[in-house]
Amino acid sequence: MKGIGAVLIDIDGVLTVSWKALPGAVAAMERLRAAGLPLVLVTNTTSRTRAAVAGRLAEEGFPVGADDILTAPAATAAYLRAHHPHARCRLINSGEVRADLAGVTLVGEADGDEGREAPEVIVFGGAGEDFSYPALNSAFRQLQRGARLVAMHRNLYWRTADGLDLDTGAFLAGLERAAGVEATVTGKPAEAFFATALAHVGAPAAGALMVGDDIESDVLAAQRCGITGVLVKTGKYLPETHRAADGTPDHVLDSFAELPGLLGLG
């Protein structure tokens, strides 16, 4: 592990489950801080703003602040400002993240009906109660009329205290096929997302390590960018998904608590 000078860390399933710290995770994070390793938390979480995520993690004892966190909504806002400036965007998301969508023009569900200007971009966040049939069907119709489709991620499921829950990817695939469109993904596993994370910590890909519980979106995606990938067997990790993956992680750990040992930090 010589040459590793920065660490990228997923949150949900790696540091926490249902926002409760996993065993040994806080101590491991403190060890990384003590060693002076630059780090950034890279998450597809779409239910909370960066500030809210940092606050919740601090309550669990993690030594992090909002500036240490890169979220899919923040990356989405940057993408929309660059590629669809001033476009009317309809957000379908479970959670309040508008504070991280600065510079994005958001319109409501009724826009496009009753003479109102239709959305130009449909933006998918995280699945939940707002991913209802009426919402998805309305998005389908707007895509048929020419709206573009942007997704913060295409995760199929995530781990909660009650088990695995369906996520955006389970609905996104069907909508893409029905509407004959392909979504632009702005969070993990997008290469641009990892590039932004590397710029945040000021490290080249060869000098960085990514820790995640999603073998495809976290680990193999990072490895395709030249980042060392570490898969942890917590969160959404499933042995069958590991076996069926189209690549092999550089390292596999039982949990994030083992990372300091892998890095030679004791």
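For the stretch 1-67, what number results from the quotient of the Cα radius of gyration and 2.2 N^0.38 Å? Here the answer is 1.08, to two decimals. Shape class of the stretch 167-256 from the alpha-carbon gyration tensor: oblate, with a/c at 1.5 or above and b/c at least as large as a/b. Model label points for A161 and K233, set 7 angstrom from Cα along the Cα-to-Cβ axis, are 2.5 nm apart.
Taking the chain as a Gaussian network of alpha-carbon nodes connected by springs under 10 Å, the highest mean-square fluctuation of the residues R31, R141, R81 belongs to R141. FRET efficiency for the A245 to E191 pair, using the beta carbon distance and R₀ = 22 Å, is estimated at 0.75. Straight-line reach only, C-alpha to C-alpha below 17 angstrom: list the lysines that K233 could link to, leaving out same-chain residues fewer than 8 apart. Leaving aside lysines fewer than 8 places away in the same chain, those within reach of K233 are K20.
For the stretch 179-229, the spherically averaged projection of the C-alpha convex hull amounts to 3.8 nm². Would the stretch 70-203 count as rounded, prolate or oblate if I go by the C-alpha gyration tensor, calling it rounded below 1.5 in a/c and otherwise prolate when a/b exceeds b/c, oblate otherwise? It is oblate, given that a/c is not under 1.5 and a/b is not larger than b/c. Scaling the Cα radius of gyration of the stretch 1-156 by the globular reference 2.2 N^0.38 Å produces a ratio of 1.21. Applying 1/(1 + (r/R0)^6) with R0 = 45 Å to the Cβ-Cβ distance of D254 and R98 gives a FRET efficiency near 0.75.
Basic side chains Lys and Arg get +1 at the Cβ, acidic Asp and Glu get -1 at the Cβ, and with that the dipole of the chain about its Cα centre reaches some 440 debye. Modelled spin labels at H83 and N137, positioned 7 Å past Cα toward Cβ, are 3.0 nm from each other.
Taken over the C-alpha atoms, the chain has Rg and Dmax values of 18.5, 64 angstrom.
Taken together, the values in this text are just the output of simple stated rules run on the coordinates, not laboratory data. Nothing here was measured: the structure is a model prediction, and the numbers come from that model. Please note: Cβ atoms are built from the backbone with ideal geometry, for glycine as well, and neighbour counts cover all protein chains shown.
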